[in-house]
1. Is there any pair linking a residue in segment 554-574 that is touching a residue at least 60 places away in the same chain (Cβ under 8 Å) and in the same structural domain as PRO309 (by TED's automatic domain parsing) to one that is surrounded by fewer than 24 Cβ atoms within 10 Å (Cβ to Cβ) and of a type in the set (Ser, Thr, Tyr), with Cβ under 8 Å and at least six apart or on different chains, and which?
2. Scan the strands (runs of 3 or more DSSP E) fully inside segment 18-133 and keep the ones with 2 or more residues being in contact (Cβ under 8 Å) with a residue 40 or more places away in the chain and within 33 Å of the chain's Cα centre (by Cα).
3. Of the residues in segment 235-279, how many are of a type outside the set (Ser, Thr, Tyr), outside any strand (DSSP E or B) and closer than 19 Å to ASP424 by Cβ?
4. Does ALA636 satisfy being within 26 Å of GLN435 (Cα to Cα) and of a type outside the set (D, E, K, R)?
5. Any idea which residue in segment 61-90 is nearest to SER669 (Cα to Cα), counting only those that are buried (at least 18 other Cβ atoms within 10 Å of the Cβ) and basic (Lys, Arg)?
6. I need the full set of residues from segment 234-262 which are surrounded by fewer than 22 Cβ atoms within 10 Å (Cβ to Cβ) and under 20 Å from LEU578 (Cβ atoms), in order please.
7. Please go through (1) within 30 Å of GLU282 (Cβ to Cβ); (2) modelled with pLDDT under 90 for GLY187 and return the number of the only condition it doesn't satisfy.
8. Among the numbered criteria (1) within 25 Å of ILE474 (Cα to Cα); (2) modelled with pLDDT under 95, which single criterion is violated by GLU255?
Amino acid sequence: MKFTVADLIDQLPAQEQRSLSALEKALGLGSKADQEQLRIALTALVRVGVLEETEAGISRVEDEGLIEARLRCSSKGFCFALRDDGGEDIYIRDNQLNHAWNGDRVLVRITREGGRRRSPEGGVQCILERNTTSLLAQVEQQNERLLAVPLDDRLLATIELPANDSQYLKPADEAVVEVKVDRYPVGQLHSQGHVARSLPVNAGPEADLDLLITKHGLRDQPAAPKATIKSLEAKDRDNLTALPTLLLQPWSSAEAPILPAVSLESSETGHRLWVHAPAVAERFGFASALDLHLREQAEALCLGSSWLPLLPAALTKAAAFKPGGSEAALSVVLELNAEGGLEHYRFCRSTIRVDAVVDAKALQALAERKPKARTTPAALKALKDHLPLLEQLIELAQLLRQQRLASGSIDLDLAMPAIDDLADLAIPEPDESRQGWLVQLDPATEPSGLLRELVLPAHRALGRHLAALELPAIFAVNPAPDAEALNDVAKAALALEIPLELSADGNATAQELAQAFAGSDRCRVLQQQLREPLKPVTFTSEAGANALAGEALALAPWCCPGLHYADLWNQHVLSLLLSEGKDRPSVRHKTRVDIAGDSSHGLIDWPLMPPSQIQPLEEGRSAALLHRLNGRCRFAADLQADALAMAQARQAEPLVGQTLTGVISGVQSYGFFVEVPPSQVEGLVHVSSLKDDWYEYRSRQNRLVGRKNRRTYMLGDAVEVTIQKVDVLRHQIDLAVVLPEGYEEYVPDGDNDTHHDHESNGDTGEE
C-alpha cells in the first residue's frame with residue numbers, strides 16, 4: 001500500500017470535507033489497485049468512528065476522546081501509549097492492543113481515568129502508521145509452523161514464515177536473520193513475512209554495525225533526490241570576514257555534521273557574541289523534493305565511528321565552513337551584559353572567514369598549559385594567534401553556564417563510558433535536543449560543552465524574535481518536571497540518608513536535587529533516578545518555556561542544520577524574513593523598521609510577507625510534520641542507546657566468569673541492577689539467585705531486605721558480582737552476587753513463600 005492511515009488523515013484537515021477523487025490525487029494513487037486500497041481503508045475508518053462519509057465528501061470526526069500517540073512496550077509485556085500532545089502516558093492492556101506493535105503510531109481511546117499513582121488506561125482504536133517493516137529474528141520450528149521470533153522482546157508477536165525458510169534454522173549464537181514483514185496481523189490472521197538474509201552474530205565490528213543498522217531499519221535508506229545546490233552571492237550579505245572567527249569541532253569522523261562558528265567582541269556593557277550558522281536552507285527550495293526528503297529523514301544519526309548524515313554530500317560540501325575561505329552564513333550578534341544576560345540581538349545574512357578550528361586536543365592542551373609557559377604545545381600552534389579569543393570564549397561560556405543553571409537548567413554527571421568503539425557516539429551533540437537534561441561538560445576542555453553554551457542564546461534569540469513577529473517557527477519546548485515525581489525521587493534520597501533542604505511545602509526542585517546528589521557517594525545512581533521525572537524536549541508550533549535551556553519564553557533551534565531538520569526549517573523562515581520581509585507598510589513610508597532585530601518588536605502592524613510566501617510555511621508546519629520530527633528524535637535516542645548497549649555488552653563478553661565490584665543502579669521486586677566498570681554495563685541480579693534468604697522489596701527505600709539475616713541491597717551499594725552470561729543481541733547481562741562464605745541456603749517456611757509470589761508485586765504498569 002502506497003499510503004498509511006496517517007497519510008490519509010493528514011489529507012483531511014479539521015472541519016473540512018474532501019471528495020474521493022481529491023484524496024486519490026493528493027495521495028498520488030493512480031492505479032485501480034491503489035484506489036481500491038483507499039476505499040477499503042476509508043470503509044474501515046468510517047466503521048471505527050475516525051472518519052465520516054456523506055454526499056458532500058469525506059471528513060474527520062471531531063472526537064476529543066481519540067488521542068494520537070506512539071506505542072511503547074517493555075520486555076515484560078507492559079505497553080503505554082505516549083501521547084503526541086505531551087499528556088500523561090496511557091496504559092494499554094494486551095487485550096486492548098488490537099494487533100498494534102511497539103513503536104506504532106496509534107489512535108487511543110481512554111477507558112479508565114488515572115489516579116494519583118495510577119496511569120489512565122485505554123485501548124487502541126486504529127493503527128495510524130506501522131513502525132516495523134523489517135526486524136531481526138531467530139527462526140524456530142513450533143509444531144507445524146515455521147516462525148520468526150523477534151530478538152527485540154518489545155515486539156510481542158511472532159511472524160509466520162514460508163516452509164522454504166527452514167534453511168535458516170540455526171543456533172542463535174551463530175546467526176540471526178533479517179525478516180521482511182509481508183502482512184501484519186488482521187483479525188484472526190497471523191502476521192506473515194519472509195527471510196531476506198542471514199547475518200553472522202560474532203564476526204567483528206563491521207558485522208555488529210550491520211546488525212544495528214538492520215535492527216533499526218536503516219539498511220535501505222532512500223537516496224536524496226537530485227537537486228541543484230544554489231551558490232550564494234557575497235554582494236547581498238554583510239561582510240564579517242574581518243571578525244576573528246573560530247570553528248569548534250567536537251567530532252573526529254569525516255562524516256560528522258557541519259556546525260556553527262563563533263566570534264566575540266567586547267562592548268561597553270559586556271560582550272558582543274556572534275554565532276554563525278552554515279547557510280544551508282538558502283541553497284535549495286522550500287517544499288522542494290529535497291526539502292521533503294529531509295523532512296522524512298529529520299535527524300543525522302551517529303553510529304559510533306560513522307554517521308548516517310542528514311544532508312546529502314553535495315549540500316554539506318557547499319555549506320561547510322573551511323578555514324581560510326570566505327563562506328556564506330546566517331549570523332546573529334548577541335548583546336550580552338556583564339552577567340551574561342541577553343539584552344539585544346540582530347540577525348543577518350553574512351559572509352565570514354574561519355580563522356582556525358578548535359578540537360578537543362586543543363582545548364585540553366590549553367587547559368594543561370602553564371600560565372607563563374614560553375613554548376606553545378603542538379596542539380595549539382595553529383591557534384597561536386587566536387588564544388586570547390579562545391580564552392575569552394571559554395570564560396564567557398562558563399558565565400553563560402552559571403546563568404543557565406541559575407535559571408533552572410539541569411546538568412547531570414552521566415557522561416558516556418570510556419569505550420574506544422563508541423568514537424563520536426561518546427561525545428554529546430552541542431544542542432542535545434532529545435532529553436530534559438544536559439550531560440555535564442566542561443567548556444574549558446570539551447568543544448561540545450563550549451559550543452553548547454554559545455549556541456543556546458542564539459536559539460533563544462530566534463525563538464523570541466519569530467514568536468514576537470508571529471512567524472511560523474518550530475519551537476523546542478521543555479516543560480518543568482512534575483513536582484510529585486520529583487518528590488518521589490527526593491523521598492528515595494532521604495531514605496538513603498542523603499541530606500536535602502526542602503521548601504516549606506516539602507518540595508524540592510530538580511536543580512536542588514541535582515546539586516544535593518553531586519556531593520554524595522551515590523551521585524551517579526541518584527542522578528540516574530532524577531532523569532525519570534525530567535521531560536524530553538518536544539517540537540511544537542506554539543512558543544513555550546524550555547527548562548533545559550533555562551528559557552521562559554521561546555526557543556527556536558537554527559544553528560545546527562546538519563543535525564536536525566527543525567534547525568533547517570527555522571533557517572528557511574529566518575532567510576525568508578531577511579530577504580523578503582517588508583520593513584515598512586508601503587514604499588510611501590520613509591521610516592523603516594529593522595525587522596532583523598529585537599528593536600522591531602511592537603512596531604509592526606502590517607503583513608511582513610505576502611500570503612503567497614507565508615502560507616506554504618503555515619501549511620507545511622502541520623501536526624504530521626511535528627509528529628515526524630518528535631518521532632525521529634525518539635528514534636535517534638533509541639538508536640544511540642542500542643549502539644551503547646551493544647558496545648557495552650561486547651566489552652563484558654570476555655569477563656564472563658570473572659568477579660568484579662559494581663554499584664547497584666536500580667532495585668525492583670524481581671532483583672536489582674548493577675553497573676559494572678569499566679564500561680558501566682548494567683546487568684541484573686535476579687532474586688532467585690539470592691539463595692541465602694527470602695528478600696522483601698521495599699519500594700519507598702529502594703532496597704531489598706532479607707527476612708532472616710536482615711542483609712540489604714540498596715541503591716548505590718557496592719557489591720561483588722560474577723558475570724554469568726552475556727547476550728549481545730538482546731543487551732542482557734546476567735549477574736550473580738558473591739554470597740558470604742559458609743552461607744546456608746534459605747528454605748521457605750510455607751507454600752506461599754516463593755520467589756514467584758514475591759515477584760508478583762513488581763512493575764505491572766498499574767501503580
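1. GLY562/THR316
2. Values: elements: 51-54, 57-60, 66-73, 79-83, 90-92, 105-112, 121-129.
Where strands (runs of 3 or more DSSP E) fall fully within segment 18-133 and carry at least 2 residues being in contact (Cβ under 8 Å) with a residue 40 or more places away in the chain and within 33 Å of the chain's Cα centre (by Cα), they are 66-73, 79-83, 105-112, 121-129.
3. First, the residues of segment 235-279 that are of a type outside the set (Ser, Thr, Tyr): 235-240, 242-244, 246-251, 254-262, 264-265, 268, 270-279.
Still in the list and also outside any strand (DSSP E or B): 235-237, 240, 242-244, 249-251, 254-260, 268, 279.
Narrowing the set further to residues that are closer than 19 Å to ASP424 by Cβ leaves 249-251, 254-260.
Qualifying residue count for the region: 10.
4. Details: within 26 Å of GLN435 (Cα to Cα): yes; of a type outside the set (D, E, K, R): yes.
Judged against the criteria, ALA636 is a match.
5. Step by step, filter segment 61-90, then rank; the result is ARG72.
6. Within segment 234-262, the subset surrounded by fewer than 22 Cβ atoms within 10 Å (Cβ to Cβ) is 234-244, 249, 251-256.
ALA234, LYS235, ASP236, ARG237, ASP238, ASN239, LEU240, THR241, LEU243, listed by residue number.
7. Condition (1) is where GLY187 drops out.
8. In the conditions (1) within 25 Å of ILE474 (Cα to Cα); (2) modelled with pLDDT under 95, GLU255 misses (1) alone.
The values are calculated or read from the model by the stated rules, or taken from the named source; none is laboratory data. Every value quoted in this text rests on a predicted model; they were computed, and no experiment measured them. Cβ sites come from the backbone with ideal geometry, for glycine too, and all protein chains shown count toward neighbours.
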